[in-house]
Amino acid sequence: MSGLQPPQPRDVEILLTFLLDENPETVRLARSQVAELARANPEFHLVVEGARDPKVRHEARKVLEDIRVNDLELEFTRLSGMGESLDLERAVLALARFGHPEASVETMRRQLDGFAAGLEEAVDAAEPDSPEAADLLTRYLFQELGFRGNVENYQDPDNTYLNRLLERRIGIPISLSCLALFVGWRLDIPLFGVGLPGHFILGAGSARGARFYDPFNKGRPLSRADCRGIALKAGIEFTDQLLEPAGRPQILARMMVNLLNIYSDRGDEMRVKWLTRWLDMFLS
């Protein structure tokens, strides 16, 4: 239908009714045409929500969901082929669209760009690879801008999705760490994630040694003893290997595991199915 005039609302309404037809072939053709219309028109979901018959609306929503998830499947398949050079930001943005179809990649990137711009002059003056630059970043994000851990509702899946983190300024350790990574990398600050057991933290490398921060707790600087305490609290014996930078696929996989566990507890079989499938891509 590309290149043709968009169909009239009455024609679309009739097409949607064929999603309930008794003939499987008619349903298949109707789903195919609805999918084509939806791909050509980003606002097609508004047409679906305007359907008067709730059964028609339900079936049309299923078509839109299939399109969205299949598109994400293709995106994660491409990303999984990047290995350790994974574009983590792109992957986290895709994950946000899994939780929230309306999430705008452009809007999220603009917000991250804006945060970096607000700190650029100060970081350049301190030199990006200096300990002071990492201190400036963590103070800026977790004190001035008020990003913090969601201690009231830790199991809220929105804590993991970047779009909701940016909107609400609350999240969990790994999503808050990713926020710092994406802003810091824009400023050439040598940041990395550290997958301590039970509590993801942020690391900053420099010629004067690595420094560690806890984004969940207002970017609090962490000593080696603090990191050891976090590991022991999780029942894991501390070794220096625990402070090694986490690989990018490992970070994404940990985010997916967090969501998978939440949706599994909630009995959301469809989300569990897709997350398990995508998780396997990045763990294989």
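Where a number appears in this text, it was derived from the coordinates with a stated rule and is not lab data. These figures come from a predicted structure and were not determined experimentally. Positions of Cβ are backbone-derived with ideal geometry, glycine not excepted, and every protein chain shown enters the neighbour counts.
Taking amide H as placed 1.01 Å from N in the peptide plane, residue 220 has its amide H under 5 Å from the amide H of 214, each at least 5 places away in sequence or on another chain. Helix content alone sets the calculated 222 nm mean residue ellipticity of the chain: runs of n ≥ 4 DSSP H residues at -39500 (n - 2.57) each, divided across all residues, give -19000 deg cm²/dmol. Highest average first, the peptides 136-146, 266-276 ordered by how many other beta carbon atoms sit within 10 Å of their residues are 136-146, 266-276. Need one word for region 9-80: rounded, prolate or oblate. Basis is the Cα gyration tensor (sqrt eigenvalues a ≥ b ≥ c); a/c below 1.5 gives rounded, then a/b vs b/c decides. Prolate shape, in that a/c is at least 1.5 and a/b is the bigger ratio.
Once you have the Cα-Cα distance between residue 139 and residue 52, take 0.36 nm times their residue separation minus that, and quote the gain in nm to one decimal.
Contour length minus Cα-Cα distance gives 26.2 nm.
Between helix 269-283 and the chain there is an angle of about 50 degrees, using the helix long axis and the longest principal axis of the Cα atoms. Direction-averaged projected area, Cα convex hull, the chain: 18.1 nm², rounded to one decimal. Ranking 140, 193, 150 by how far each Cα lies toward the positive end of the dipole of region 86-283 (charges on Cβ) leaves 150 at the top. Can you list the residues of region 15-50 with backbone N under 14 Å from a point 7 Å past the Cα of residue 74, pointing along Cα to Cβ? Under cut-off, by backbone N: 35-41.
Given a Förster distance of 30 angstrom, what is the FRET efficiency for residue 124 paired with residue 85, based on the Cβ-Cβ distance and rounded to 0.05? Before the final figure, lay out each step's value.
Numbers: r = 27 Å, r/R0 = 0.89.
For R0 = 30 Å, the calculated efficiency reads 0.65.
With contacts taken as Cα pairs under 8 Å at a separation of at least 6 residues, the chain carries a relative contact order of 15 percent.
Lysines within cross-link reach of residue 273: Cα-Cα under 23 Å, excluding same-chain residues under 8 positions apart? The qualifying lysines are 62. For region 9-80, relative contact order (Cα pairs under 8 Å, six or more residues apart, normalised by length) works out to 29 percent. Sorting 173-180, 151-158 by average packing, meaning the other beta carbons within 10 Å per residue, from highest down gives 173-180, 151-158. Each Lys and Arg adds +1 at its Cβ and each Asp and Glu adds -1 at its Cβ; summed about the Cα centre, region 141-284 shows a dipole of about 240 debye.
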